[in-house]
């Protein structure tokens, strides 16, 4: 990890994928969020700034996992416990979720 930019030094490069329909991925993501909605908490910090915290699955999380499935990933590894709700979701077959 590059400590200055917080970016990984070695990036994974994907070739342009043919046949992936973004509208299908977003549609499936929204369907999953209807069943497994997350919760957003908005609060003011001591310095007066507005901040938020998200518990559970977000739209970005759902898009991420459906994109992984469409790209042919067999296993999705994450530290995010919000994905726990999707461990038995049939829409993701054959993708397996492993929370580390």
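Here, each number is a calculation from the coordinates, and none is a lab measurement. Predicted model only: the values in this text are computed from it and were never measured. Every residue, glycine as well, gets a Cβ built from its backbone with ideal geometry; the counts of neighbours run over all protein chains shown.
Could you check the spin-label model distance between residue 71 and residue 100? Points 7 Å from the Cα along Cα→Cβ, value in nm.
With each label placed 7 Å out from Cα toward Cβ, I get 1.5 nm.
Quick check: pseudo-label points 7 Å beyond the Cα along Cα→Cβ at residue 45 and residue 59, how many nm apart are they?
2.5 nm
Dividing the Cα convex hull volume of the range 22-99 by residue count, how many Å³ per residue is that?
Hull volume over Cα atoms, normalised by residue count, gives 101 Å³.
So, by mean Cβ neighbours within 10 angstrom, what's the order for 27-39, 88-100 with the highest one leading?
Packing order, densest peptide first, comes out as 27-39, 88-100.
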